[in-house]
């Protein structure tokens, strides 16, 4: 005789009620490039425990939304931005991440051209901050930022993701400057250019830079056709 019993949802809730008290959140790491610096979009924390500290754009996930929906809702409500692609990076679940209780957060990141994405909500105390000037942040957001930067550095030379940071037409000087800002190192000019021409990621648009304090360089665009299916 089979005496095995089947659990009901009611049984599970009674036996595991503490497990259903864990909150889920999303944090967005929005990176941009301006004046030779890689920058991240931050907001002043509204919690007394982190007064005057900067935090990533984030919020709790609502009961009626999934993670991706939450990430875009948070981005739009905090910045007004809608046409930004967000990529899921990592989930952070250390104890005591949040002073209010157990919160597990999933981080998303995106690379955008600052000049093409003007912030629409000026009252939110949102600012672009140079990544290399941030020593501490609210919660564990410095760890989240560092983790996103680590993934970016691992992918940047093999995947054409940095072109989101550039205008449609750009010089090789601008392109190298972005790579140096992300990697945190100086790159050999000749080797850098040779690598890109071999990869066939660039298209010469037969134009030169204008209004620059140095000798005008050739302009290029990203070879989107190479990556289209």
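Were the residues from residue 34 through residue 209 laid out at 0.36 nm apart, the gain over their Cα-Cα distance would be 61.3 nm. Applying 1/(1 + (r/R0)^6) with R0 = 35 Å to the Cβ-Cβ distance of residue 119 and residue 15 gives a FRET efficiency near 0.15. Axis of helix 172-183 versus longest Cα principal axis of the chain: the two differ by about 30°, to the nearest ten degrees.
Computed per residue of the chain from DSSP H runs no shorter than four, each worth -39500 (n - 2.57), the mean residue ellipticity at 222 nm is -8000 deg cm²/dmol.
If both residues of a DSSP beta bridge must be in the chain, then about 75% of such bridges are antiparallel. Value of Rg to Rh for segment 168-227, rounded to two decimals, is 0.96; Kirkwood radius and Rg both from alpha-carbon coordinates.
Against the chain, whose longest principal axis is taken from its Cα atoms, helix 189-199 shows a tilt of about 70°.
Seen against the Cα atoms of the chain and their longest principal axis, helix 67-79 is set at about 60 degrees.
By the beta-carbon count within 10 Å of each Cβ, the least crowded to most crowded order of 221, 155, 190, fewest first, is 190, 155, 221.
Going from the fewest other Cβ atoms within 10 Å to the most, the residues 6, 159, 98, 127 appear in the order 6, 159, 127, 98. Between 68, 11, 96, the Gaussian network model of the chain with springs among Cα atoms under 10 angstrom shows the greatest mean-square fluctuation at 11. If each of residue 68 and residue 169 carries a label point 7 Å out from its Cα toward its Cβ, how far apart are those two points in nm? Placing both labels 7 Å beyond Cα along the Cβ direction yields 3.6 nm. Let's test the formula: R0 of 35 Å, r as the Cβ-Cβ distance of residue 60 and residue 227. What FRET efficiency results, to the nearest 0.05? Step by step, r from the Cβ atoms, then E = 0.45.
Distance between the modelled labels on residue 77 and residue 129, one decimal in nanometres: 2.2 nm (7 Å Cα→Cβ projection). What is the distance in Å between the Cα centroid of segment 190-229 and that of segment 160-184? First find each Cα centre; the distance between them is then 10 Å.
Counted residue by residue at 0.36 nm each, then reduced by the alpha carbon distance between them, the extension gain from residue 95 to residue 190 reaches 29.4 nm. Quick one: of the DSSP bridges fully inside segment 1-111, what percent are antiparallel, nearest 5? The answer is about 65 percent antiparallel.
Using equal-weight Cα scatterers in the Debye expression, the normalised intensity of the chain in log10 at q = 0.10, 0.14, 0.17 Å⁻¹ is -0.57, -0.95, -1.26.
With each label modelled as a point 7 angstrom along the Cα→C-beta vector, the residue 156-residue 104 pair spans 3.1 nm. Segment 76-112 and segment 30-51 have their alpha-carbon centroids 13 Å apart.
None of the figures in this text is laboratory data; all of them are computed from the coordinates on show. Please read these numbers as outputs of a predicted model, since none were measured by experiment. Please note: Cβ atoms are built from the backbone with ideal geometry, for glycine as well, and neighbour counts cover all protein chains shown.
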